[in-house]
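Peer 1: Attaching a single structure in structure tokens format; questions to follow.
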Amino acid sequence: MANVSVPAGGAGWGERLVDALLSGRGVWPAVPSIVVLMVMAVIPFAILLSLGFSDIEVARGAIISQTFSLTHLTTALTDPLYWITFQRSLNLALTTTFFCLVFGYPVAYLFLVGGRWTKRIILILTIAPLLTSGIVRTYAWLVILGGRGVVNSTLLSIDLIDQPLRIMNTHWAVLIGMVQIHLPVMILPLIAVMSRHDTRLVEAAENLGASQLATLRTIIFPLSVPGIGTGAALVFTLSYTTFVVPQLLGGGNYLNAATMVYEQVVFSLDWSKGSVSSLILMVTCLIVLVIIALITNRLTRWTRGRDA
Amino acid sequence: MLDTAGPMIDSNDPAPVLSIGAVSKKFDSLTVLENCSLDVAEGEIVTLLGPSGCGKTTLLRCIAGFWDADSGGIRIDGRDMGAVPVNRRPVGVVFQSYALFPHMTVVQNVGYALRMLRMPRSAVAERVSTALETVSLTGLEDRYPSQLSGGQQQRVAIARVLVMEPRVLLLDEPFNALDAKLRGSMQVELRQLIKKLGLTSIFVTHDQEEALTMSDRIAVMRAGRIEQAAPPEEIFDRPATAYVADFIGMSNFFSGEAQAGAVLLPDGQSQSTELQGPVKVMIRPHNIRLVDAQDQDWRGTIAFHRPVGPLIEYHVDVAGDQIKVLSMRQQQSQIYADGACVGLQVIDPASCSIYPGAH
């Protein structure tokens, strides 16, 4: 057993259990969540994987035989549709990440240099969208971007265009929705990392002759790299595997990796194909995450303390 | 007359390098600085000393340009700094806990100011290595700040401002981040370094020991005002106000009455004064001698005693008041035990300070 400090006498077993979980060293405090993860994520995923790597015979709704096979994987990897779909997903996710960074960084910077009220307003505006579901926010874009939506009626009324632009159900609608929905996930880690640093660093830079732009370039930006890494990893993962936004704003015929898995499982009822697609989705996602982590690590060598 | 371009060592009144003229500053309705004036001569180290909240850091930040004064002006070499932005002032700041750039090595930190001036690489390297030699930091060039000890970090912070050859060096409690043992030796070392380089400096602290060690002059601050600015000995021996007397060193205060140009001290001796009416008399503990009780009317019992290095500190209970007395251990014929009945005598009445004050 772990080193458990038992309170002196009188405590009930419940209190002792809580105490053991809280004071236990190593893995004990994590046990409940490990159990949940095993039951809810790892085991189902293992079952799904086993479907992707076997030939299955089904009779009267029950699996009667299951033999190991790589055919699903090889079919997928030689199918140009897969390549096109995954490339599109990758492009979309990388573009989204890029724009989230471009739009999010100035907001985080404003948070850093702004006064008390600026900070509050930014926090409220960043967090408030997270309080509504992604589906609701996506539907809001239907209203804004639609043929008779806010954007088109404004442009029409000022005679900038003659007829409504077709924004909905295009790549652009998906990208706009993705950037807006994932923006907070970029801004929050940036703010967390940037406001962790001593404001005197900025004063020191100014005192040593740096202009505001030079301070941003030489001090604030390099120190925010860990935040950029975290934000980029989160936004990439979420937008690479997103399902709701392309499904709603892409008009049902915008196929990305997640919508492909959905169609294979729900409409084609081909669980093996869906399983293989999920696997490819997960592995490629991990590869990009590792690349992001490597780049971030390379740029933040200074954080690795005392190993001169 | 001396050549104005040359050193003005013999001049009676050399132009001050830094001149603070009637600076006031308010935050909302709170007055943080009130009419502060101070001139600092070439190569002089002046300490702003006071408790937290007395405005010493605010004054430092106004000199550096981080904050603007509401009224009054700051001049360096006669040039008004009012319109000069932070990054153009000839001022170097050593921050509390140093504010070293954590993502830069020692060399990169020290060379920062020169890179901002777009100085060629070779010149930067040369001046950085000179600065590192000056603060004896060679061999640690490629370390990051997190890999340095507190003392080393302080040297990097000093080298980082030295390279830009500031006219005025500002030090904001630079010893706070060091452990007590290191502090004493670093203080002496830093003073010698600044003196060797001839840097005009303002040093902010709340620690009087530090102030007495580091300064040519001490400016004692209280609630946004400078109470007294004078050399350390003068501050200690002839404090201008009761507040300064109380803040610096140990002190005993007595109420008295000034009549016909003199005040009667508690032991019956008298000290001349220009004041009239109720006064406060301050007598330093080392200006009181313990004598046999039967020889004195001013007497009490020892409430507490302890050795302080070569001295011995007594607290003598006289009619409910505790009076502090410091004596050399060797010169005292005997060491009085707690509870002993003793007489007290002022050694030098002329060294007692007298301030106006109500009872």
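The values are calculated or read from the model by the stated rules, or taken from the named source; none is laboratory data. Quick caveat: nothing in here was measured; it's all calculated off a predicted structure. Note: ideal-geometry Cβ built from the backbone for every residue, glycine included; neighbour counts use all protein chains shown. These accessible areas exclude ligands, DNA and RNA; they are computed on the full protein's heavy atoms, side chains included. Shrake-Rupley method; radii C 1.70, N 1.55, O 1.52, S 1.80 Å.
Peer 1: Among the residues of region A:102-129, write down those that are in contact with a helix residue (DSSP H, G or I) (Cβ under 8 Å, 6 or more places away or on another chain), within 19 Å of A:Leu234 (Cα to Cα) and open to solvent by 50 Å² or more (accessible area, probe 1.4 Å).
Peer 2: Here is the first cut: in region A:102-129, the ones in contact with a helix residue (DSSP H, G or I) (Cβ under 8 Å, 6 or more places away or on another chain) are A:103-105, A:107-112, A:114, A:118-119, A:122-123, A:126-127, A:129.
Narrowing the set further to residues that are within 19 Å of A:Leu234 (Cα to Cα) leaves A:103-105, A:107-108, A:123, A:126-127, A:129.
Passing the criteria: A:Phe103, A:Leu123, A:Ile127.
Peer 1: In addition: Can you pull out every residue in region B:77-98 that is closer than 19 Å to B:Val40 by Cβ and within 14 Å of another protein chain (Cβ to nearest Cβ)? Working first, answer last.
Peer 2: Residues of region B:77-98 that are closer than 19 Å to B:Val40 by Cβ, as a first pass: B:77-82, B:84, B:89-94.
Passing the criteria: B:Met81, B:Val84, B:Arg89, B:Pro90, B:Val91, B:Gly92, B:Val93, B:Val94.
Peer 1: For region B:115-124, give me each residue that is open to solvent by less than 50 Å² (accessible area, probe 1.4 Å) and within 9 Å of another protein chain (Cβ to nearest Cβ).
Peer 2: Within region B:115-124, just B:Met116 meets the criteria.
Peer 1: Among the polar types (S, T, N, Q) and open to solvent by less than 10 Å² (accessible area, probe 1.4 Å), is that true of B:Gln147?
Peer 2: Details: among the polar types (S, T, N, Q): yes; open to solvent by less than 10 Å² (accessible area, probe 1.4 Å): no.
No: the conditions fail for B:Gln147.
Peer 1: I need a count of the residues in region B:131-144 that are assigned to a loop (DSSP other than H, G, I, E, B) and either on the phi > 0 side of the Ramachandran plot or open to solvent by 10 Å² or more (accessible area, probe 1.4 Å) (or both).
Peer 2: 8
Yes/no per residue for (1) on the phi > 0 side of the Ramachandran plot; (2) at pLDDT 90 or above; (3) not in a helix (DSSP H, G or I):
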position: B:Ser146; (1), (2), (3): no, yes, no
position: B:Ala157; (1), (2), (3): no, yes, no
position: B:Glu165; (1), (2), (3): yes, yes, yes
position: B:Leu170; (1), (2), (3): no, yes, yes
position: B:Leu178; (1), (2), (3): no, no, yes
position: B:Gly184; (1), (2), (3): no, no, no
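Peer 1: A:Ala192: assigned by TED's automatic domain parsing to the domain that holds A:Gly114 and crowded, with 19+ Cβ neighbours inside 10 Å, yes or no?
Peer 2: Details: assigned by TED's automatic domain parsing to the domain that holds A:Gly114: yes; crowded, with 19+ Cβ neighbours inside 10 Å: no.
Answer is no for this residue.
Peer 1: Within region A:206-225, how many residues are more than 7 Å from chain B (Cβ to nearest Cβ) and either open to solvent by 30 Å² or more (accessible area, probe 1.4 Å) or small (Gly, Ala, Ser) (or both)? Break it down into steps so the answer makes sense when it comes.
Peer 2: Initial filter on region A:206-225 (more than 7 Å from chain B (Cβ to nearest Cβ)): A:212-213, A:215-218, A:220-221, A:224-225.
From what's left, either open to solvent by 30 Å² or more (accessible area, probe 1.4 Å) or small (Gly, Ala, Ser) (or both): A:212-213, A:216-217, A:221, A:224.
Going through region A:206-225 one residue at a time, the tally reaches 6.
Peer 1: Between a first residue in region A:200-214 that is in a helix (DSSP H, G or I) and a second residue that is open to solvent by less than 50 Å² (accessible area, probe 1.4 Å) and among the hydroxyl-bearing types (Ser, Thr, Tyr), which pairs have beta carbons less than 7 Å apart while being 6 or more apart in sequence or on different chains?
Peer 2: Pairs found: A:Val202/A:Thr215; A:Ala205/A:Thr215; A:Ala205/A:Thr218; A:Glu206/A:Thr215.
Peer 1: If you don't mind, another one. So if I check each of B:Val263, B:Val279, B:Val204, which one is in contact with a helix residue (DSSP H, G or I) (Cβ under 6 Å, 6 or more places away or on another chain) and at negative phi? Can you show your working first?
Peer 2: Values: B:Val263 fails: in contact with a helix residue (DSSP H, G or I) (Cβ under 6 Å, 6 or more places away or on another chain); B:Val279 fails: in contact with a helix residue (DSSP H, G or I) (Cβ under 6 Å, 6 or more places away or on another chain).
Sole residue among the options that is in contact with a helix residue (DSSP H, G or I) (Cβ under 6 Å, 6 or more places away or on another chain) and at negative phi: B:Val204.
Peer 1: Can you name the residue in region B:59-98 that is of a type in the set (A, V, I, L, M) and over 13 Å from B:Ile20 (Cα atoms) and, of all such residues, is surrounded by the most Cβ atoms within 10 Å (Cβ to Cβ)? Write out each step before concluding.
Peer 2: The first filter runs over region B:59-98 and keeps only residues of a type in the set (A, V, I, L, M), leaving B:59-60, B:63-64, B:69, B:74, B:76, B:81, B:83-84, B:86, B:91, B:93-94.
The next check asks that each one be over 13 Å from B:Ile20 (Cα atoms); those that pass are B:83-84, B:86, B:91, B:93-94.
On the way: B:Ala83: 7, B:Val84: 15, B:Val86: 21, B:Val91: 24, B:Val93: 30, B:Val94: 23.
Per the criteria, the residue is B:Val93.
Peer 1: Could you list, in sequence order, all residues of region B:230-246 that are surrounded by fewer than 22 Cβ atoms within 10 Å (Cβ to Cβ) and not hydroxyl-bearing (Ser, Thr, Tyr)?
Peer 2: From region B:230-246, those surrounded by fewer than 22 Cβ atoms within 10 Å (Cβ to Cβ) are B:230-234, B:236-238, B:240-243, B:246; that's our starting set.
Answer for region B:230-246, where residues must be surrounded by fewer than 22 Cβ atoms within 10 Å (Cβ to Cβ) and not hydroxyl-bearing (Ser, Thr, Tyr): B:Ala230, B:Pro231, B:Pro232, B:Glu233, B:Glu234, B:Phe236, B:Asp237, B:Arg238, B:Ala240, B:Ala242, B:Asp246.
Peer 1: Which residues, taken from region B:186-222, are closer than 30 Å to B:Ser29 by Cα, part of a strand (DSSP E or B) and open to solvent by 10 Å² or more (accessible area, probe 1.4 Å)?
Peer 2: B:Arg222
Peer 1: Restricting to region B:125-149, count the residues that are within 14 Å of chain A (Cβ to nearest Cβ) and among the small types (Gly, Ala, Ser). Steps first, answer last, please.
Peer 2: Here is the first cut: in region B:125-149, the ones within 14 Å of chain A (Cβ to nearest Cβ) are B:127-128, B:131, B:139-149.
Pick out the ones that are also among the small types (Gly, Ala, Ser) and you get B:131, B:139, B:146, B:149.
The total comes to 4.
Peer 1: Looking only at residues in region A:293-308 that are open to solvent by 90 Å² or more (accessible area, probe 1.4 Å) and of a type in the set (A, V, I, L, M), which one is farthest from the other protein chains (Cβ to nearest Cβ)? Before the answer, list the steps.
Peer 2: Narrowing region A:293-308 to residues open to solvent by 90 Å² or more (accessible area, probe 1.4 Å): A:294-295, A:298-299, A:301, A:304, A:306-308.
With the extra rule that they be of a type in the set (A, V, I, L, M), the set shrinks to A:294-295, A:299, A:308.
Values: A:Leu294: 18, A:Ile295: 15, A:Leu299: 9, A:Ala308: 5 Å.
Ranking the qualifying residues of region A:293-308, first place goes to A:Leu294.
Peer 1: Take residues that are in contact with a Pro (Cβ under 6 Å, 6 or more places away or on another chain) and modelled with pLDDT of 90 or more and tell me which of the strands (runs of 3 or more DSSP E) falling wholly in region B:223-340 contain 3 or more. Step through it out loud before you land on a result.
Peer 2: Values: elements: B:225-230, B:252-259, B:262-264, B:270-272, B:277-283, B:288-292, B:299-308, B:311-318, B:321-328.
By residue number, B:321-328.
Peer 1: Cβ-Cβ distance below 9 Å, separation of 6 or more or different chains: which pairs start in region A:61-82 with a residue that is closer than 15 Å to A:Ser50 by Cα and outside any helix (DSSP H, G or I) and end on one that is among the β-branched types (Val, Ile, Thr) and open to solvent by 90 Å² or more (accessible area, probe 1.4 Å)?
Peer 2: Here the result reads A:Ile64/A:Val58, each pair linking region A:61-82 to a residue that is among the β-branched types (Val, Ile, Thr) and open to solvent by 90 Å² or more (accessible area, probe 1.4 Å).
Peer 1: With the condition kept exactly as written, say whether any residue in region A:181-195 is at negative phi, hydroxyl-bearing (Ser, Thr, Tyr) and either in contact with a Pro (Cβ under 8 Å, 6 or more places away or on another chain) or more than 9 Å from chain B (Cβ to nearest Cβ) (or both).
Peer 2: First pass over region A:181-195, keeping only residues at negative phi: A:181-195.
Right, trim to hydroxyl-bearing (Ser, Thr, Tyr) and you get A:195.
Now restrict to residues that are either in contact with a Pro (Cβ under 8 Å, 6 or more places away or on another chain) or more than 9 Å from chain B (Cβ to nearest Cβ) (or both): A:195.
Yes - at least one qualifying residue is present in region A:181-195.
Peer 1: Of all residues in region A:267-292, how many are among the polar types (S, T, N, Q), more than 13 Å from A:Thr241 (Cβ to Cβ) and surrounded by 19 or more Cβ atoms within 10 Å (Cβ to Cβ)?
Peer 2: Let us first name the residues in region A:267-292 that are among the polar types (S, T, N, Q), namely A:268, A:272, A:275, A:277-278, A:284.
From the residues that got through so far, the ones that are more than 13 Å from A:Thr241 (Cβ to Cβ) too are A:268, A:272, A:275.
So of that shortlist, the ones also surrounded by 19 or more Cβ atoms within 10 Å (Cβ to Cβ) come out as A:272, A:275.
Selection size over region A:267-292: 2.
Peer 1: I'm told A:Val245 meets every condition in (1) within 25 Å of B:Cys62 (Cα to Cα); (2) among the β-branched types (Val, Ile, Thr); (3) more than 9 Å from chain B (Cβ to nearest Cβ) except one. Can you identify the failing condition by its number?
Peer 2: Of the numbered conditions (1) within 25 Å of B:Cys62 (Cα to Cα); (2) among the β-branched types (Val, Ile, Thr); (3) more than 9 Å from chain B (Cβ to nearest Cβ), the odd one out for A:Val245 is (1).
Peer 1: All but one of (1) in a helix (DSSP H, G or I); (2) surrounded by 15 or more Cβ atoms within 10 Å (Cβ to Cβ); (3) more than 14 Å from chain B (Cβ to nearest Cβ) hold for A:Leu255; state the number of the condition that does not hold.
Peer 2: Just one mismatch for A:Leu255, condition (1).
Peer 1: While we're on this one: Of (1) away from every other protein chain (no Cβ under 11 Å); (2) surrounded by 16 or more Cβ atoms within 10 Å (Cβ to Cβ), B:Ala15 satisfies all except one. Which?
Peer 2: Only one criterion in (1) away from every other protein chain (no Cβ under 11 Å); (2) surrounded by 16 or more Cβ atoms within 10 Å (Cβ to Cβ) is unmet by B:Ala15, namely (2).
Peer 1: Somewhere in region B:99-106, is a residue under 16 Å from B:Arg160 (Cβ atoms), within 13 Å of another protein chain (Cβ to nearest Cβ) and open to solvent by 60 Å² or more (accessible area, probe 1.4 Å)?
Peer 2: No, that holds for no residue.
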